[in-house]
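One structure is given here, and the rest of the page talks about it.
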Amino acid sequence: MRGYYRHTKIIATLGPSTESAERLRQLILLGVDVIRLNMAHATGEWVASVVKSIREVSAEVNRHVAKLFLIVLALGWLGPACATREANPSHARSNAVVLARGARLVGLGSGQTSRVDAVDVALMKARRGGHDSKGAVLASDGFFPFADNIEHAAKAGITAIVQPGGSMRDPEVIAACDTHDVAMMFTDRRVFRH
């Protein structure tokens, strides 16, 4: 049927018993649309290897599967900032970007006039605090209007990005993530505080 789109998504959570290529193949062939990864105790190396495996198996069976990252405990307003209580979301003014590694907030860029400035400030704050951004996750309170945000994040070693989506340039942003092998999740929820 031409133009058919199934709105219901089947989500599987990746764990030790589902991490193998054979198990991933079975899940994808059974109709799984989204593979959820728990980032609470993940390392950058583990994320990279799992994302690579998901992409390889998806290509083998010719069926695209999305990767969904659960940052720390839950994805609330700016995800990791809420979950770790290291940053009060009411103090993060839009445009706001947070960087998290494991269960810690390592960088916060807020109140900037442009989204790319918020990314750069968050990366600078992480460096200034002695944190390595390689393998960290970036979350934004608004969509990325241009791919330059992804370029800056990827150059700093960010492995996953969470953002609301909704920009007319989303295809360019997605292409930049694909080019730099950065996983991205759309939340479909914009939360601004001005």
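None of the figures in this text is laboratory data; all of them are computed from the coordinates on show. What you see is a predicted model; the values in this text were computed from it and never measured. For neighbour counting, all protein chains shown are included, and Cβ atoms are generated from backbone atoms with ideal geometry for every residue, glycine included.
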Inter-label distance, nm, simple model (7 Å from Cα along the C-beta direction), GLU45/ALA59: 2.3 nm
Sort 126-132, 149-155, 48-54 by packing, meaning the average of other beta carbons within 10 Å per residue, with the highest value first. 149-155, 48-54, 126-132
Amide H neighbours of ILE158 under 5 Å, counting only residues 5+ apart in sequence or on other chains, H built in-plane at 1.01 Å? GLY135
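Under a Cβ-only charge scheme (Lys and Arg +1, Asp and Glu -1), can you give me the dipole magnitude of segment 126-194 about the Cα centre, in debye to the nearest 20?
360 debye
For segment 117-180, rounded, prolate or oblate, judged on the Cα gyration tensor with a ≥ b ≥ c (square roots of eigenvalues), a/c < 1.5 rounded, else prolate if a/b > b/c? Walk me through the numbers on the way to the answer.
Details: a/c = 2.26, a/b = 1.70, b/c = 1.33.
Verdict is prolate for segment 117-180.
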Environment charge of ALA21, counting only residues whose C-beta is closer than 9 Å and scoring Lys/Arg +1, Asp/Glu -1: -2
Among residues other than ARG127 whose Cβ falls under 14 Å from its Cβ, what is the net charge (Lys/Arg +1, Asp/Glu -1)? +3
